[in-house]
Amino acid sequence: MIELEHIEKTYARAGDTPVRALAGVSLRIARGEFVAIIGTSGSGKSTLMNIIGSLDQPTSGRYRFEQTDVARLDFAEQARFRNRHLGFVFQAFHLLPRASALENVELPLLYAEKEPPAGAGRRALTAVGLAERMHHTPRELSGGQQQRVAIARALVNEPELILADEPTGNLDPQSTLDILDLFERLNRGGRTIVLVTHDPRVAARARRVIRIDAGRVASDEVRELSQTPISEGAR
């Protein structure tokens with residue numbers, strides 16, 4: 001699904017030395033994988049996530065998503081690419097405070113190129129276990145429930161790839177376990193998931209763990225499922 005070849009990213013700073021965030025990253029991610037990208041603050045993991053999500057462009061190198069050369073898309077084409085293929089989940093939930101859970105989930109449908117199936121938002125909320133909270137506003141929901149709304153919003157366009165950047169960073173331990181269980185269920189259902197985290201306990205729930213250090217791939221490990229039990233993942 002994803003092929004990165006020699007990805008470099010350098011940020012220019014006025015009057016100061018440029019920052020090299022990524023230094024020749026090459027990797028492939030297959031359809032149906034659950035991958036964690038782990039690293040300390042400043043390691044380049046979020047920059048890598050932003051490039052995979054077409055939120056940022058590499059300074060050099062090639063990024064292909066299946067048959068699409070993403071780096072060659074113009075601004076409007078990148079927006080269509082994201083809406084058609086990707087779902088995003090962030091540490092901050094980014095929910096509209098006065099909108100209901102259902103209204104928040106249905107926001108991406110406003111930008112869909114074709115008429116969405118009837119009831120898409122309701123089905124997405126049901127899939128994350130919030131069928132009875134559809135008309136609640138964010139302030140009426142717990143942190144874990146708000147993140148479930150954000151995941152439902154990421155699912156509503158039926159994307160091929162879910163990108164989650166520190167999705168448990170604002171959650172308590174039990175909510176963290178619940179969200180990681182949800183990601184596992186989505187992955188077992190066929191969703192490809194790439195999750196960025198600094199927490200090795202969260203990364204341990206993924207089938208594959210890629211460690212980023214100083215803008216490079218330091219290790220790339222495929223784990224046996226028996227080594228990442230659900231009950232132990234985020235304690």
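The values are calculated or read from the model by the stated rules, or taken from the named source; none is laboratory data. All of these numbers come straight from a predicted model, not from anything done at the bench. Please note: Cβ atoms are built from the backbone with ideal geometry, for glycine as well, and neighbour counts cover all protein chains shown.
If I filter segment 85-99 for residues that are part of a helix (DSSP H, G or I) and buried (at least 20 other Cβ atoms within 10 Å of the Cβ), do I get at least one hit? Explain how you work it out, then say what you get.
Step one: of segment 85-99, the residues part of a helix (DSSP H, G or I) are 85.
Within this subset, residues satisfying the condition of being buried (at least 20 other Cβ atoms within 10 Å of the Cβ) are none.
Within segment 85-99 (the criterion being part of a helix (DSSP H, G or I) and buried (at least 20 other Cβ atoms within 10 Å of the Cβ)), the answer is no, since none of the residues qualifies.
For a quick check of your reading of the model, give me the residue pairs whose first member lies in segment 170-187 and is farther than 9 Å from GLY144 by Cα and in contact (Cβ under 8 Å) with a residue 40 or more places away in the chain, whose second is part of a helix (DSSP H, G or I) and aliphatic (A, V, I, L, M), with beta-carbon atoms closer than 7 Å and at least 6 apart or on different chains.
Here the result reads LEU180/VAL202; ASP181/ILE230; LEU182/ILE151; GLU184/ILE230, each pair linking segment 170-187 to a residue that is part of a helix (DSSP H, G or I) and aliphatic (A, V, I, L, M).
Given the conditions (1) surrounded by fewer than 21 Cβ atoms within 10 Å (Cβ to Cβ); (2) under 17 Å from the mean Cα position of the chain (by Cα); (3) modelled with pLDDT of 95 or more, which single one is not true for HIS6?
Here HIS6 clears every test but (2).
Within segment 196-235, which residues are at pLDDT 90 or above, in a loop (DSSP other than H, G, I, E, B) and under 14 Å from VAL35 (Cβ atoms)?
ALA204, ARG205, ALA206, ARG207
So, in segment 100-110, exactly how many residues are at pLDDT below 90 and either surrounded by 12 or more Cβ atoms within 10 Å (Cβ to Cβ) or within 19 Å of LEU4 (Cα to Cα) (or both)?
Here the count works out to 3.
Can you pull out the residues in segment 45-82 that are without any contact (Cβ under 8 Å) to a residue 12 or more places away in the chain and among the aromatic types (Phe, Trp, Tyr)?
Hit for segment 45-82 is PHE75, nothing else.
If you check ILE179, ILE193, ILE162, which single one turns out to be in a strand (DSSP E or B), closer than 21 Å to ASN104 by Cα and of a type in the set (Val, Ile, Thr)?
After ruling out the rest, the residue left standing is ILE162.
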